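For reference, the structure discussed in these notes is given below.
Read-outs throughout are calculated quantities, based only on the coordinates presented, and are distinct from any laboratory measurement. Treat the numbers as computed from the prediction; the structure is a model and nothing was measured. Positions of Cβ are backbone-derived with ideal geometry, glycine not excepted, and every protein chain shown enters the neighbour counts.
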Amino acid sequence: MDDKPISKHDILKELDELHQLDYDYADGRILGSMCTQAHPFAKEVYCKFLDTNLGDPGLFKGTKFIENQVIKSIGELLSLNEPYGNIVTGGTEANIMAVRAARNHARKYKGIVDGEIIIPDSAHFSFKKAADMLNLKIVEAKLDNNYKIDVESVRNAISDKTVAIVAIAGTTELGLIDPIEELSEIAFKNNIYFHVDAAFGGFSIPFLKRAGFDFPVFDFSLRGVCSITVDPHKMGLAPIPAGGIIFRKQEYLDVMAVDSPYLTIKTQSTIVGTRLGASSAATYAIMKYFGKEGYTEIAKNLMDNTNYLYDNLIDIGYEVICKPELNIVAFNHPDMETNELADKLSQYNWNVSVSKCPVAIRIVLMNHIKKSNLKELIEDLKEIF
Ligand SMILES: Cc1ncc(COP(=O)(O)O)c(C=O)c1O
């Protein structure tokens, strides 16, 4: 830190210069991110609530009411009339909360001490963080030939130490939806906590269904589902950080509660203490602003772009890993190694990411990517070969 104060002008000048080094979503060249530009109205609301602290909700009763309303609205989208949960920083924190609830529940009601969680090979790495923090062992279930969790592999992985089974509605690498209905039944019959990570798919599957897309059931209408992660800061167009964790029952929050002596509440179940009310307020605003109709249009448009890219890639000789279920397309070229292709694309100033299983270029068709960007991308991909 400097000894003397610096003028706002000079500070802003320096910050602007550094900000110039960042990629800008608006250029449409960020192709591998699951985040996007938040809607301007959501940003406006966010700024109004920057001083609110939901860690001490008795001081911010209005903002706490807003968080409850957001949880209620997201719960309803997921077929749960009385949801419990919180708006947190993102999918990682939401998944950690779900795993913590499962572990504590199993410890309290089944006496399981050295617990295990069964996750698919395709699970987001946040579960590895959760297991590490919560002292749980990860048991990885295999994927089938379609890159979805293999149900038999899950069945075989169950032991008397299993505290949770996890399935994904919108995998990070390919955007695929696991066979959640079957897994829900297995979990229910074995009395095991079942968590669905819909961090990516949660803000689009319900709307695509509404538009007539044929998707399997993935939500609380399945009796085995105990919690679902849904991220407003992905397809919900809320500002970062906004993740959502929705629980079927209050008892899952209760088993995580610790005393919080100096606050306006007696106990706290969230991982962080002081936490932003701005994320809840901005999510509330943007959900009202778009309504189901608005989100349905957005989700349809994303799928339209996804299918456009998929069809064109096939036309120009690229190999697409699978028919997209959500807005992710993963591909390779038969005559070039994936990382070399990724390097070539970065020379054309495209920012792509490479998936691990299978190894492929992975494009996430978020809201900032327009058809005109895709046309340019396809021209560049043609030029590479
Ligand atoms: C399926 C899934 N779960 C969890 C996460 C973690 O979300 P976040 O980066 O918001 O913590 C991601 C991130 O992309 C994801 O795709």
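Overall, the chain carries a charge dipole of about 1500 debye about its Cα centre when +1 sits on the Cβ of Lys and Arg and -1 on the Cβ of Asp and Glu, all other atoms neutral.
Rounded to the nearest 20, the size of the Cβ-charge dipole of segment 124-200 about its Cα centre is 300 debye, with Lys and Arg at +1 and Asp and Glu at -1. Annotation: amide H-H contacts under 5 Å for residue 141 (H modelled 1.01 Å from N, sequence separation of 5 or more, or interchain): 119, 121. Estimated at 0.36 nm per residue, the fully extended path between residue 249 and residue 137 surpasses their Cα-Cα distance by 37.8 nm.
Most tightly packed first, judged by the mean number of other beta-carbon atoms within 10 Å of their residues, the peptides 151-158, 87-94 read 87-94, 151-158. Shape class for segment 41-287, computed from the alpha carbon gyration tensor (a ≥ b ≥ c): oblate, with a/c not under 1.5 and a/b at or below b/c. Simple rule: put +1 on each Lys or Arg Cβ and -1 on each Asp or Glu Cβ in segment 41-287, find the dipole, and look at 228, 205, 250; the Cα lying farthest toward the positive end is 250. With 0.36 nm allotted per residue and the present C-alpha distance subtracted, the residue 23-residue 145 stretch has 40.3 nm of extension available. Remark on residue 86: its backbone amide H falls under 5 Å from those of 245, a criterion applied only to residues 5 or more positions apart or on other chains, H modelled at 1.01 Å from N.
Here the Karplus curve 6.51 cos²θ - 1.76 cosθ + 1.60, taken at θ = phi - 60°, turns the phi angles of segment 377-385 into couplings of 4, 5, 4, 5, 5, 5, 5, 4, 10 Hz, with x standing for Gly and Pro. Find how many whole Å separate the alpha carbon centroid of segment 41-105 from the alpha carbon centroid of segment 296-339. Taking the Cα centre of each part, segment 296-339 and segment 41-105 sit 34 Å apart.
Assuming charge only on the beta carbon of Lys and Arg (+1) and of Asp and Glu (-1), the dipole of segment 245-341 about its Cα centre is about 900 debye to the nearest 20.
For segment 149-161, backbone phi angles converted through the Karplus equation (6.51, -1.76, 1.60; θ = phi - 60°) give residue-by-residue couplings of 4, 7, 4, 5, 4, 5, 4, 5, 7, 5, 9, 6, 9 Hz, Gly and Pro being listed as x.
Our coupling estimate for segment 312-320, obtained by passing each phi through the Karplus curve with A = 6.51, B = -1.76, C = 1.60 and θ = phi - 60°, is 5, 4, 5, 4, 9, x, 8, 9, 8 Hz, Gly and Pro reported as x. In loop segments of segment 231-273 as defined by DSSP, the trypsin sites (Lys or Arg not before Pro) with at most 16 further C-beta atoms inside 10 Å of their C-beta are 249, 266. Using a cut-off of 24 Å between Cα atoms, the listed pairs 323/371; 43/356; 300/375; 48/129; 148/209 include 43/356; 48/129 as exceeding that distance. Placing a label point 7 Å from the Cα of residue 264 along the Cα-to-Cβ direction, the residues of segment 26-60 whose backbone N falls under 14 Å from that point are 51-60. Ranked from largest, the principal axis spans of the Cα set of segment 1-120 equal 60, 38, 38 Å. Annotation: segment 265-373 has a Kirkwood hydrodynamic radius of 16.8 angstrom, from the mean reciprocal C-alpha pair distance. Farthest towards the positive end of the charge dipole of the chain, among the residues 287, 98, 59, is the Cα of 59, using unit charges on the Cβ of Lys, Arg, Asp and Glu. Where only DSSP H runs of four or more residues are counted, the chain gives -13000 deg cm²/dmol as its mean residue ellipticity at 222 nm, each run worth -39500 (n - 2.57). Here's how it looks for residue 322: its modeled amide H is under 5 Å from those of 330, which are all 5 or more places away or on a different chain. Here the peptides 135-144, 168-177, 77-86 are ranked by packing, the mean other Cβ count within 10 Å, and the order with the highest first is 168-177, 77-86, 135-144. Once C-alpha pairs closer than 8 Å and six or more residues apart are averaged by separation and normalised to the residue number of the chain, the relative contact order reads 23 percent.
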